[in-house]
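The values are calculated or read from the model by the stated rules, or taken from the named source; none is laboratory data. All values derive from a computational prediction rather than experimental measurement. A quick note on method: Cβ atoms are made from the backbone with ideal geometry, for glycine too, and the neighbour counts reach across all protein chains shown.
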Amino acid sequence: MNDTRIHPLVLFMPSGKRGRFPVGTPVLDAARQLGVYVESVCGGRATCGRCQVSVQEGNFAKHGITSSDDHLSAIGPKEERYDRVRGLPEGRRLSCSALIQGDLVIDVPQDTVINAQVVRKAADERVFDRNAAIRMCYVEVEEPDMEKPLGDLDRLKAALAADWHFDELDVDFHLIPRVQSILRKGEWKVTAGIHKDGEDDRPRLIALYPGLKNEAYGIACDIGSTTIAMHLSSLLSGRTVASAGTSNPQIRFGEDLMSRVSYVMMNPDGREAMTAAVREALNGLIDQVCIEGGVSRTDILDSVFVGNPIMHHLFLGIDPTELGGAPFALAVSGAVKVKSSEIGLSMNEGTRTYVLPCIAGHVGADAAAATLSEGPHRQDEMMLLVDIGTNAEIVLGNRTRVLAASSPTGPAFEGAEISSGQRAAPGAIERVRIDPVTLEPRFRVIGVEPWSNEPGFAEAAAATGVTGICGSGIIEVIAEMYLAGIISEDGVVDGTLAGRSPRILPNGRTFSYLLHDGEPLITVTQNDVRAIQLAKAALYAGVKLLMDKQGVTEVDRIGLAGAFGTFIDPKYAMVLGLIPDCDLSKVKAVGNAAGTGARMCLLNRGYRREIEETVRRIDKIETALEPRFQEHFVAAMALPNKIDPFPNLSAVVTLPERKVLADAAGEGGARRRRRSRD
Ligand code: FES
């Protein structure tokens, strides 16, 4: 018999890993040998159902494989019993029981749902390869014997070594007083929760359940300075079973990050108060996701957190004062691993917490998580990733080199410093169009379906009112004012248009544009335009510095992260010169990329190593120290830019002719220093 007959070829999808195995090898063993992740809790007893796979039938010429269902052994009694008791979906096999008989293409489904969990759409349902830091391992332990006076825990360890090859196992102390009662409750059958993060770490028994415990959960959480978002996922199936969010209670100590650092500096127990506040909110969210997901908090065994450097420090109980000024020294930049109970989080007593590394003193673990999620370091294209908050975090790179910086944009994009600015909430203007001939505007308000010039608007807006302009609305109104010729490329409101349109109103020595003639009156003032110019110039100058360092004059792809990035229209962001010129079809909102990165690290510890390594390699650029920052900043005050061409943008939008107007307010120029940061 030739080798191919006695050693059939098995290809696992979607990983593409392949190898030859002796006839009669269980598919699960083959997967293990190739490093293909297939879950197993019962250790091949055909009771947990976690190891399901299916056969792709057909002739796969590219791989030289003809794969067929009957290249697996027939369904045996154990598998038949599982199917009868628990039910196996059509076409699925238990890989611990199915034996290789011939060439196969095996599909490892990423969605093995055992307890029919509700699928949540709230979390980005990207599916990731799983390789969690927690394994659930069922064992049957020898009963005590007077002849062999080995302790209960020691016989449990022996069983885990025999069945699961955990030869050197550490044990969390909190389990030792409980081990006897759990073993007896389970009638010597128990499921061990084993934690092993790094390849060189010793495995550690952190939880123990009587009987077969066929589920374990983890939480992934993004601690933003304004909002905190948490997802509860099954560590075994990867599914997100519940999501919840809340505003960060630290807001009562200070709206922006710098005011929170000041609070710590001014108040002796300020740090403690803010740490307690965020941990209390996190425990509240854990309660919420558990109730929503129908999960006990003691079933949560792992957790991953991300946040900007100041949130990161306050969460871990570290004084953030050093982050308040140059050289912005982090107490710790590498990943932090800690027992969750040590940082006041109440889940299982053995639950572990992993906090992603911070990139620099003002580019945090949230930016690291967003980088992991969007993967500039995994691609050839030069990708720009921007998270716009009070401080913009900027990452630019490809597989050769990745750079990161932050830029002090200030709070203008969030509606602060803008005369009619407000946070995105019902009643806020979020979209604006201006007729270039009549200069009449039409707009859309959050929570109201019709545009302001459409029938039914007044009735629909009666409930919310028209209360102000949010970040995306500010971007659009200023870009539209520029496209309609109301402001020059230098951002000066053209007062000569007052004769043509009642919308142009004198305002001291400058002019304003009347956007909403109602209660309240909503205008865009010269100062508003300036505030946005300063903010966007700071962001663009930061981006340009990174482009200089990379030696590129254009980027291939742009990802706009965070809530603001989700709602701004890339076209208007480009008209304003907030982001560099790029093919518009390659500018995408990437949502809560930081939360996605956290979830990746929860479900696969390989991603933890990937981001730790990537962060070590990222070149950190301190914008304030770069001599060219001012030069880029001055050029970027113009719309879209004084120097840089925007060919991609010009192909889809007719940019106005240059018109130079005197800056009556005498403002502008590059007068900006680093200040509040987010
Ligand atoms: Fe549990 Fe196969 S490993 S059913």
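Structure summary
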read-out: Looking only at region 27-80, and only at residues there that are in contact with a helix residue (DSSP H, G or I) (Cβ under 9 Å, 6 or more places away or on another chain) and among the aliphatic types (A, V, I, L, M), the one that is farthest from the ligand (Cβ to nearest atom); value: Val55
read-out: Check on Leu439, farther than 30 Å from Asp494 by Cβ and at pLDDT 95 or above; value: no
read-out: Test set (1) in contact with a Cys (Cβ under 9 Å, 6 or more places away or on another chain); (2) surrounded by 24 or more Cβ atoms within 10 Å (Cβ to Cβ) - Tyr354 fails condition number; value: (2)
read-out: Filter result (among the charged types (D, E, K, R) and either under 20 Å from Lys213 (Cβ atoms) or surrounded by 18 or more Cβ atoms within 10 Å (Cβ to Cβ) (or both)) within region 144-157; value: Asp152, Arg155, Lys157
read-out: Residues of region 81-108 satisfying the condition of being more than 36 Å from the chain's Cα centre (by Cα) and either of a type in the set (Phe, Trp, Tyr) or within 13 Å of the ligand (Cβ to nearest atom) (or both); value: Arg81, Tyr82, Asp83, Val85, Ser97, Ala98, Leu99
read-out: Failed criterion for Ile429 (all others in (1) part of a loop (DSSP other than H, G, I, E, B); (2) touching a residue at least 12 places away in the same chain (Cβ under 8 Å); (3) within 36 Å of the chain's Cα centre (by Cα) hold); value: (1)
read-out: Single residue of region 158-189 satisfying the filter (in contact (Cβ under 8 Å) with a residue 40 or more places away in the chain and in a helix (DSSP H, G or I)) that is surrounded by the fewest Cβ atoms within 10 Å (Cβ to Cβ); value: His174
read-out: Qualifying residue in region 27-34 (condition: modelled with pLDDT of 95 or more and over 37 Å from the mean Cα position of the chain (by Cα)); value: no
read-out: Entirely in region 553-625, the helices (runs of 4 or more DSSP H) that have 3 or more residues that are over 21 Å from the mean Cα position of the chain (by Cα); value: 570-575
read-out: Index of the failed condition, Pro14 passing every other in (1) at negative phi; (2) out of contact with any helix residue (DSSP H, G or I) (no Cβ under 8 Å at 6 or more places or on another chain); (3) within 16 Å of the ligand (Cβ to nearest atom); value: (3)
read-out: Answer from Ala365, Ala392 - the residue that is modelled with pLDDT of 95 or more, within 19 Å of the chain's Cα centre (by Cα) and buried (at least 24 other Cβ atoms within 10 Å of the Cβ); value: Ala365
read-out: In region 228-259, residue surrounded by the fewest Cβ atoms within 10 Å (Cβ to Cβ) [restricted to those that are within 20 Å of Thr275 (Cα to Cα) and among the hydroxyl-bearing types (Ser, Thr, Tyr)]; value: Ser247
read-out: Odd one out for Pro8 among (1) within 14 Å of the ligand (Cβ to nearest atom); (2) more than 34 Å from the chain's Cα centre (by Cα); value: (1)
read-out: Residues that are of a type in the set (A, V, I, L, M), part of a loop (DSSP other than H, G, I, E, B) and farther than 15 Å from Gln180 by Cβ, drawn from region 129-157; value: Ala132, Ala133, Met146
read-out: Positions within region 210-227 being surrounded by 21 or more Cβ atoms within 10 Å (Cβ to Cβ) and out of contact with any Asp or Glu (no Cβ under 7 Å at 6 or more places or on another chain), in sequence order; value: Ile219, Ala220, Cys221, Ile223, Gly224
read-out: Among the candidates Leu323, Leu285, Leu301, residue that is of a type in the set (A, V, I, L, M) and assigned to a strand (DSSP E or B); value: Leu301
read-out: Residue check, Pro376 farther than 16 Å from Ala563 by Cα, more than 22 Å from the chain's Cα centre (by Cα) and at pLDDT 95 or above; value: no
